[in-house]
Amino acid sequence: MTALVEVRGYRQAFGGRTVIDRLEFDVARGETFGLLGSNGSGKTTTLRALLGLIEPSEGRLTIAGSRYRPGGVRVGYLPEERGLYKREPVIDVMVYFGRLKGLSREAAARWSHEWLERMDLAEKAKLALGKLSGGQQQKVQLGVTIMDDPELLILDEPTKGFDPVNQRILMDIVAKQQAKGTTLILVSHDMGQVERLADRILLLKDGRARAYGRVADVRAEFGGKSLNDVFLDVYGAPAVGEFGEVA
């Protein structure tokens with residue numbers, strides 16, 4: 001399959017400290033790719049460099065063959081740290097971002113109202129976003145993320161703050177995006193979720209690839225273990241003391 005995302009020889013340094021070291025991987029068009037690792041492993045840094053938010057120290061990171069620039073490939077990015085305007089009405093926030101994505105005001109408003117109806121939030125449309133619960137705000141931001149039908153959808157801990165019901169809603173949305181042929185990059189600490197959804201994975205530790213390839217191949221490389229146990233093998237299971245506490 002043709003690669004949509006390519007990362008070659010990527011190194012990232014901050015203040016003389018290398019945090020990503022000669023990283024190389026690709027993401028094929030239409031696949032779901034799991035980008036995994038503990039906090040501080042380099043996942044978010046890599047995504048920010050891919051999206052042009054930081055300049056790589058070395059290497060080349062491309063989407064559809066070129067450095068990412070707004071107005072090119074449609075990219076939807078749901079960051080782990082949410083960032084919508086909490087003092088503004090929900091519908092105004094959604095329409096504003098729809099306009100930024102190139103939709104007309106009418107199209108953005110129509111899509112937003114339909115989304116809020118679908119998420120059982122229609123009655124919240126004129127409330128300030130900050131008055132919604134964390135899970136409800138997450139639904140709004142997810143709607144903003146997929147509003148323009150992105151070709152590449154990047155989800156960074158998408159189920160954070162979601163209860164099981166809302167997790168199921170999210171997974172249904174992901175499944176529909178997959179069925180459309182959307183390319184997905186999924187960042188998650190839920191290894192079971194990744195194992196169900198991802199075609200291939202990259203497991204980072206200290207800015208280096210420690211496992212990379214098809215889920216079945218990575219599991220086979222580690223003796224048929226689940227991705228959760230592969231993660232523990234790479235990072236080392238914590239020592240447990242006499243009374244069960246982590247030493």
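The values are calculated or read from the model by the stated rules, or taken from the named source; none is laboratory data. Predicted model, so just to flag it, every value in this text is computed and none were measured. Here Cβ is always computed from backbone atoms with ideal geometry, including for glycine, and neighbour counts include all displayed protein chains.
Some notes on this structure:
- Considering each residue of region 81-100 in turn, none proves to be touching a residue at least 60 places away in the same chain (Cβ under 8 Å), surrounded by fewer than 21 Cβ atoms within 10 Å (Cβ to Cβ) and in contact with a Pro (Cβ under 6 Å, 6 or more places away or on another chain).
- Test: residue in region 199-214 that is over 13 Å from the mean Cα position of the chain (by Cα), part of a helix (DSSP H, G or I) and either at pLDDT 95 or above or farther than 19 Å from D26 by Cβ (or both): no
- Residue list for region 187-200, restricted to those being in contact (Cβ under 8 Å) with a residue 12 or more places away in the chain and either of a type in the set (D, E) or farther than 15 Å from N39 by Cα (or both): D190, G192, Q193, V194, E195, L197, A198, D199, R200
- Scanning region 160-187 for residues that are surrounded by fewer than 20 Cβ atoms within 10 Å (Cβ to Cβ), in a loop (DSSP other than H, G, I, E, B) and polar (S, T, N, Q) returns no hits.
- Restricting the first member to region 132-147 and to residues that are within 11 Å of V90 (Cα to Cα), and the second to residues that are assigned to a helix (DSSP H, G or I) and charged (D, E, K, R), the beta-carbon pairs closer than 8 Å and six or more apart or on different chains are L132/K124; Q136/K124.
- Residue in region 124-154 that is surrounded by the fewest Cβ atoms within 10 Å (Cβ to Cβ), counting only those that are charged (D, E, K, R) and on the phi < 0 side of the Ramachandran plot: K126
- Residue check for A107: touching a residue at least 12 places away in the same chain (Cβ under 8 Å) and either out of contact with any Cys (no Cβ under 6 Å at 6 or more places or on another chain) or not acidic (D, E) (or both): no
- Enumeration of residues in region 112-123 that are under 15 Å from I173 (Cα atoms) and either crowded, with 19+ Cβ neighbours inside 10 Å or in contact (Cβ under 8 Å) with a residue 24 or more places away in the chain (or both): W115, L116, M119
- Flag set for E55, criterion: assigned by TED's automatic domain parsing to the domain that holds L227 and farther than 27 Å from V218 by Cβ.
- Residue selected from region 29-68 under the condition in a strand (DSSP E or B), touching a residue at least 12 places away in the same chain (Cβ under 8 Å) and surrounded by fewer than 15 Cβ atoms within 10 Å (Cβ to Cβ), by the criterion farthest from the chain's Cα centre (by Cα): E58
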